Every structure is written in structure tokens, then in C-alpha cells.
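Notes for the one structure printed next.
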Amino acid sequence: YYRSYYNVIFRANLVLENLSAASAQNSPIYEGEAKFLRAYAYFNLVRLFGDIPLVDKVISPTDNQTAFTRVATSQIYDLIEADLKTAVANLNDNGPNDRASKAAAEGILAKVYLSLGRYSEAQGLLESIMNPSRGFTLLSNFKDVFYK
């Protein structure tokens, strides 16, 4: 689990390091998707393991200082929040279903705020997601979640 999520973080950092290779139109989308994935990985890691190494750039295999130095959870949460805010700003809800979306980033950010006790901020994000103009609705039959 630990190694798998750090692999996700490595790949996200690799994308972020090479954003200049993308077109000006796609660069913000790729940045939003990479930061969404990195934030999601860190959020799961920090909830399970507490203080963990913070790797916010591609590091060399010999960089033991970064790879093995745990930082406070508050620093991890700061990166998670910043990454998700970037994802919210750069993503939209109209992309393919198998890609990160603005609503997904807002939902994870709301979950982060709930974990940190920032309930009013979480409420605002969740109400934004459920705004009828966004096109999300609850299914009338719970079974349809699995069989539709």
C-alpha cells in the first residue's frame, strides 16, 4: 500500500516536472490531474501512517534525506490542500468519466476539510457539488448504483 501510493506520487511528480512538453491548452488539465492524484495518494497515506516523507518533486535514488525524513502531518495536509485547490481550478466536470474531475477534486477536498475539523468549508464544497446546475443527482433506487 505504502509503496504503491509513493509510486503514484512519483508518477505525478514526473508529469508535473515535464508540463512544459504539453501544449498550452492541455498543460493546466495535466497539472490538475497530476495534483489530484498526488493529493489523493498523500491523503490516504497520511491518514494511515501519520508523519510520512514529503516528496513534492522528482528525487534521485540516492536522495535519502528526502526519501526517509518524515515531516509533520500539518505539512502534508498543506500540500494536499494546495494540490486539490489547483485541481479544482484546472479541471471541469465535462471530461471523460475515467479522468479526474472538478467535482471529484472538490469532494476529496471536502473530505480533507472534514478530517481537519473545518466543517463549514466542507459544507460549502459539498453543497456546490450537489447544486442542480452541475447535473449531479441522487438515484431514486439504491440498487441502480450497482446495476445501471
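The values are calculated or read from the model by the stated rules, or taken from the named source; none is laboratory data. The model shown is predicted, which means the values in this text are computed figures rather than measured ones. For neighbour counting, all protein chains shown are included, and Cβ atoms are generated from backbone atoms with ideal geometry for every residue, glycine included. Remember, those area values only see protein heavy atoms, side chains included, never the ligands or the DNA or RNA. Shrake-Rupley method; radii C 1.70, N 1.55, O 1.52, S 1.80 Å.
For a protection proxy built on the mean count of beta-carbon atoms within 10 angstrom, sort 25-32, 102-109, 36-43 highest first, please.
The most tightly packed comes first, giving 36-43, 102-109, 25-32.
Quick one: pull the percent of accessible area on the chain belonging to carbon and sulfur, 1.4 Å probe, ligands and nucleic acids left out.
53 percent
Given a cut-off of under 8 Å on Cα pairs at least six residues apart, what relative contact order in percent is computed for the stretch 21-148? Spell out each step's value before the answer.
Working: 125 pairs, mean separation 28.1, N = 128.
Once divided by the residue count of the stretch 21-148, the mean separation gives 22 percent.
About the Cα centre of the stretch 42-146, how large is the charge dipole given +1 on each Lys and Arg Cβ and -1 on each Asp and Glu Cβ? Please answer in debye to the nearest 20.
In total the dipole reaches around 140 debye.
So what are the stretch 1-130's ellipsoid semi-axes, whole angstrom, largest first, if each one is the square root of 5 times an eigenvalue of the alpha-carbon gyration tensor?
Equivalent ellipsoid semi-axes, largest first: 24, 21, 10 Å.
Which aspartates and glutamates have a Cα lying under 17 Å from the Cα of residue 57, excluding residues fewer than 8 positions away in the same chain?
The reachable aspartates and glutamates, counting only those whose Cα sits under 17 Å from residue 57, are 17, 31, 33, 78, 81, 83.
Picking from 1, 141, 14, whose Cα lies most toward the positive end of the charge dipole for the chain (charges on Cβ: Lys, Arg +1; Asp, Glu -1)?
Of 1, 141, 14, it is 141.
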